[in-house]
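Working notes, beginning with the structure itself.
The values are calculated or read from the model by the stated rules, or taken from the named source; none is laboratory data. None of these values were measured; they are calculated from a predicted model. Don't worry about glycine lacking a Cβ; one is built from the backbone with ideal geometry, like all the others, and counts go over all protein chains shown. Surface areas here come from the heavy atoms of the whole protein model, side chains and all, with no ligands, DNA or RNA. Shrake-Rupley method; radii C 1.70, N 1.55, O 1.52, S 1.80 Å.
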Amino acid sequence: MEQITAADIVTATGGRLLCGDGQLPLEHISIDSRTMKGQDLFVPLIGEKVDAHRFIDQAFQAGAAAVLTSEHDEMEDPRPWIRVADTKKALQDIGRYYRNRLTLPLIGITGSVGKTTTREMVAAALSAGFRVYKTPGNSNSQVGVPITLSEITSQDEIGVLELGMSMPGELTVIARIAQVDAAVITNVGVTHIEQLGSQENIYREKLTIQDGLKDGGVLFLNGDDPMLKTTKAKAGCRTVYYGTGEDCEYRAEEIRIENGFPVFTAVCRGRRIPVALHIMGRHNVLNAMVALAVADEYGVDLNGAAEKLGAFTGFQNRQQIYERNGVTIIDDTYNASPVSMLAGLEVLRSMEGAKRRIAVLADMKELGPEAPRFHREIGAWLKEHPVDVLLTLGELAGEIAAAAGPSCESRCFAAEDRDGLYQAVKAGSKPGDCVLLKGSNSMKLGEVAARLLKEGA
């Protein structure tokens, strides 16, 4: 935070200064007593199991400069204590207050699959013309977004924010805090269908990113998505479609895969830009197209933006490719949904020169009562596009193997048997093989990937 005092926090939250100097400058917000950066405002959140008010003393010992509280009415201390009714709401109020003081444009990104990669690619394209601030890690929640906003400085020229959601109404809250100038919806899948009930409900929730879209703003929509290709922005805002279809203002043509990496021509309102990506998967063509569309909207040279996209190589646990003892390992263990699992399998298929293709797939979570069907659909796809070896972890992933049938050699493991799975991959892979690891984060398949990378396949 820049030029924010304890008194400003009182104004933002409608709270009451119990003690301390209201003119004390504050530079950061922390919700964890163990991670102070200096001149922090500590916000003790009340969770289902832990009330962080119990860690206020630890926060001060770690260097906090001020604190919010909803559990104290009087206090004598030289440090500012600010009484609020609800610390979580107060944090959101601070984020909204700070956002109103910012003058740089913000782009918000949401969608069922690929938000983080799209965020990174949009930021990369924009970096050809701006100093870009982007959401760190996965700070895309009702708590994470206000903190993310508070870290933007006057040195930043444009911001790219990831806006997440898992429950009804959540994205509206986040969008109204962020107040973005442009919004991107990557796709409408079935992630969080367990909480939201249907894909139609997910679609409606994704559109609520517009609840915080400023008048005159731009809504970028995936023109290849069946539920988005006919959607229009709210009144007073423009709609821009990206994708591969003729109706898309920004579209990819002449797409091909070279050694697993997409190469294509980006047609951007009549201009033709060659693009060569260094992240795997045809699905990243769409991420690149919206990155170019956003960059063009903000006046960035498209050739420079394409060059920046070509330099982007992804990040940990998201289709990262390694080689150990002659075995190629694709670590895509960050998370999984039906769409992203098929995308991962397409990457595996695209690996030229692989002697054998081995798919190591774990359960996809949060898919509700239809979860077995979604897993069987993956298996049906594998039946038509077989790999050489299929190893599955978890009861739901067992449905993949059952539906794949005898099209490939397969073996299933109990959800807790990651050691057995590791041993099977290690013993069963040979130089020249390519191994894909893909599953929901809660299945901890990343531990298997880490062991393979450390100890060798």
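Distance between the 7 Å Cα→Cβ label points at residue 419 and residue 37: 4.1 nm. Each principal axis of the Cα cloud of the stretch 68-132 was taken in turn, and the coordinate range along them, longest first, works out to 51, 28, 18 Å. For the stretch 293-364, the alpha carbon convex hull comes to 131 Å³ per residue, rounded to a whole number. Label-to-label distance for residue 51 and residue 154 is 4.1 nm, based on points extended 7 Å past Cα in the beta-carbon direction. Filter the trypsin sites (Lys or Arg not before Pro) in the stretch 254-297 down to the DSSP loop ones having no more than 13 other Cβ atoms within 10 Å, then list what survives. Hits after loop and neighbour filter: 269. Helix 87-101 and the longest principal axis of the Cα set of the chain meet at an angle near 90°. A crude spin-label estimate for the pair residue 234 and residue 79, with each label 7 Å from Cα along the Cβ direction, gives 4.0 nm. In percent, rounded to a whole number, the relative contact order of the chain is 11, using alpha-carbon pairs under 8 Å and six or more apart. A cut-off under 12 angstrom between Cβ atoms defines the neighbours of residue 179, and their net charge, with Lys, Arg +1 and Asp, Glu -1, is +2.
Compute the label zone of residue 71 within the stretch 28-56: residues whose backbone N is under 16 Å from the point 7 Å along Cα-to-Cβ. Hits in the stretch 28-56 for residue 71 at 16 Å: 31-34, 42-56.
The residues of the chain expose, per residue, 42 Å² of accessible area to a 1.4 Å probe. Return the loop-located GluC sites (Glu not before Pro) in the stretch 215-254 (DSSP other than H, G, I, E, B) with at most 13 other Cβ atoms within 10 Å of their own Cβ; answer none if there are none. The qualifying sites are 246. Can you give me the angle between helix 302-311 and the longest principal axis of the chain, using Cα atoms only, in degrees from 0 to 90, rounded to the nearest 10? Once rounded, the angle reads 70 degrees.
The angle between the Cα long axis of helix 395-404 and the main principal axis of the chain comes to about 30°, on a 0 to 90 degree scale.
Once Rg and the Kirkwood radius are both taken over the C-alpha atoms of the stretch 305-429, their ratio Rg/Rh works out to 0.98.
Eigen-decomposition of the gyration tensor built on the alpha-carbon atoms of the stretch 28-170 gives equivalent ellipsoid semi-axes of 30, 17, 13 angstrom, largest listed first. Taken over the chain, the alpha-carbon convex hull comes to 149 cubic angstrom per residue. At full extension, residue 395 and residue 313 could sit 26.2 nm farther apart than now, given 0.36 nm per residue minus the alpha carbon distance. Compared with the alpha-carbon gap, the fully stretched path from residue 16 to residue 441 is longer by 148.9 nm at 0.36 nm per residue. Here the chain is treated with +1 on each Lys and Arg Cβ and -1 on each Asp and Glu Cβ, and its dipole about the Cα centre works out to around 840 debye. Extension gain for residue 450-residue 370 works out to 25.7 nm (0.36 nm per residue, less the C-alpha to C-alpha distance).
Restriction of the chymotrypsin sites (Phe, Trp or Tyr not before Pro) in the stretch 264-358 to DSSP coil positions whose beta-carbon has at most 16 other beta-carbons within 10 angstrom yields 315.
State whether the stretch 247-369 is rounded, prolate or oblate according to the following rule on the C-alpha gyration tensor (a ≥ b ≥ c being the square roots of its eigenvalues): a/c under 1.5 gives rounded; otherwise a/b larger than b/c gives prolate, and the remaining case gives oblate. Prolate shape, in that a/c is at least 1.5 and a/b is the bigger ratio. As a fraction of the 1.4 Å probe accessible area of the chain, surface on carbon and sulfur atoms comes out at 47 percent.
When the surface is traced with a 1.4 Å probe over the full set of protein chains, residue 165 keeps roughly 10 Å² accessible.
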